[in-house]
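**Student:** Take this structure first; my questions come after.
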Amino acid sequence: MSRVAIVTGGTRGIGEAISLALRDAGMTVAANYAGNEAKAKEFSDRTGIKAYRWDVGDHQACLDGCAQVASDLGPVDVLVNNAGITRDGVLQKMSFDDWNEVIRVNLGGCFNMAKAVFPGMRERGWGRIVNIGSINGQAGQYGQVNYAAAKSGIHGFTKALAQEGAKFGVTVNALAPGYIDTDMVAAVPPQVLEKIVAKIPVGRLGHAEEIARGVAFLCAEDGGFITGSTLSLNGGQHMY
Ligand SMILES: NC(=O)c1ccc[n+]([C@@H]2O[C@H](COP(=O)([O-])OP(=O)(O)OC[C@H]3O[C@@H](n4cnc5c(N)ncnc54)[C@H](OP(=O)(O)O)[C@@H]3O)[C@@H](O)[C@H]2O)c1
């Protein structure tokens, strides 16, 4: 029987590529999204992958959403915590709301989703969790204390949960992308982006498919010995 996977933020950007890569690896995929209905519908119509709307920062919504996916598709074997947002600004200008919202969604979302699916994976003796961190969680970034803290937290969360899952066949890994050509990076002013690309040794932004390939690798049936690790895919920008 095919594995059931949930990809949060799985209808566009990096998440869309992950949903497709896991489907191509033979999994039955549920793609979660926050509110962009038009994109979610276009994605589902084009790919046949079911899309489910809920806010990963809302604890109860995650429990309910994952229960719905399990009832529709079967017990969840694979979780990719990919949903993420930015609310950039230097500390002096960053509001408490911008701090809180990024922690709530990016880091809180990982906890909420793991709470929903980890117990079942543990009971069934098999699971794969991949948390999407960031180069900016590893190296820090000007104007991103909220995002860097949330992403850095994801790396700690991963290593702690990996220890809890190891005896039960549940692997937990992080993947830290560098700069990838999605809507999130399209929001960076061109003159800033130009300076960023100049610091990437391969000389270009990454593609979502290049990240998805790493996620599929970590979620593979024969990936049972890879746990608590961070896969850094950044074109050589930060050799961690
Ligand atoms: N792009 C990069 O260069 C880069 C680099 C390092 C790490 N990352 C990380 O990679 C992940 C994906 O980034 P991306 O560039 O593909 O982002 P993106 O293009 O902005 O897409 C974000 C996705 O997350 C969903 N989402 C946002 N808030 C959510 C919430 N509260 N609940 C459920 N879903 C939510 C969005 O849903 P809607 O479509 O409904 O809005 C969308 O599907 C993020 O965690 C990001 O931090 C990205």
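The values are calculated or read from the model by the stated rules, or taken from the named source; none is laboratory data. Since the model is a prediction, treat every value here as computed from it, not as a measurement. Cβ sites come from the backbone with ideal geometry, for glycine too, and all protein chains shown count toward neighbours. Note: areas computed on protein heavy atoms with side chains; ligands, DNA, RNA excluded. Shrake-Rupley method; radii C 1.70, N 1.55, O 1.52, S 1.80 Å.
**Student:** In this structure, does Gly108 turn out to be under 16 Å from the mean Cα position of the chain (by Cα), in a helix (DSSP H, G or I) and within 24 Å of Gly214 (Cα to Cα)?
**Tutor:** For Gly108, the condition - under 16 Å from the mean Cα position of the chain (by Cα), in a helix (DSSP H, G or I) and within 24 Å of Gly214 (Cα to Cα) - is met.
**Student:** Going by the structure shown, is Pro119 open to solvent by 40 Å² or more (accessible area, probe 1.4 Å), more than 23 Å from Ala186 (Cα to Cα) and assigned to a helix (DSSP H, G or I)?
**Tutor:** yes
**Student:** Go through Lys159, Lys199 for me and flag whichever is over 28 Å from Ala5 (Cβ atoms), touching a residue at least 24 places away in the same chain (Cβ under 8 Å) and more than 9 Å from the ligand (Cβ to nearest atom).
**Tutor:** Every option except Lys199 fails the conditions.
**Student:** Return yes when Gly228 is under 19 Å from Val76 (Cα atoms), of a type outside the set (D, E, K, R), more than 15 Å from the ligand (Cβ to nearest atom) and open to solvent by less than 50 Å² (accessible area, probe 1.4 Å) and no when it is not.
**Tutor:** For Gly228, the condition - under 19 Å from Val76 (Cα atoms), of a type outside the set (D, E, K, R), more than 15 Å from the ligand (Cβ to nearest atom) and open to solvent by less than 50 Å² (accessible area, probe 1.4 Å) - is not met.
**Student:** Collect the residues in segment 29-42 that are crowded, with 20+ Cβ neighbours inside 10 Å and either in contact (Cβ under 8 Å) with a residue 60 or more places away in the chain or within 9 Å of the ligand (Cβ to nearest atom) (or both), keeping them in residue-number order. Steps first, answer last, please.
**Tutor:** Here is the first cut: in segment 29-42, the ones crowded, with 20+ Cβ neighbours inside 10 Å are 29-33, 40.
Across segment 29-42, the qualifying residues are Ala31, Asn32, Tyr33, Ala40.
**Student:** Quick one: what pairs do we get from segment 4-20, first residue assigned to a loop (DSSP other than H, G, I, E, B) and near the ligand (Cβ under 7 Å from one of its atoms), second aromatic (Phe, Trp, Tyr) and open to solvent by less than 20 Å² (accessible area, probe 1.4 Å), C-beta under 6 Å, 6+ apart or different chains?
**Tutor:** Thr11/Phe43
**Student:** Here are Asp72, Asp45, Asp64: which of them is in a helix (DSSP H, G or I) and within 14 Å of the ligand (Cβ to nearest atom)?
**Tutor:** Asp64
**Student:** Which of the following residues is near the ligand (Cβ under 9 Å from one of its atoms), of a type in the set (A, V, I, L, M) and more than 13 Å from the chain's Cα centre (by Cα): Ile180, Ile132?
**Tutor:** Exactly one of Ile180, Ile132 is near the ligand (Cβ under 9 Å from one of its atoms), of a type in the set (A, V, I, L, M) and more than 13 Å from the chain's Cα centre (by Cα), namely Ile180.
**Student:** Kindly evaluate Gly26 against the criterion of being surrounded by fewer than 22 Cβ atoms within 10 Å (Cβ to Cβ) and either near the ligand (Cβ under 7 Å from one of its atoms) or within 17 Å of Gly214 (Cα to Cα) (or both).
**Tutor:** In short, yes.
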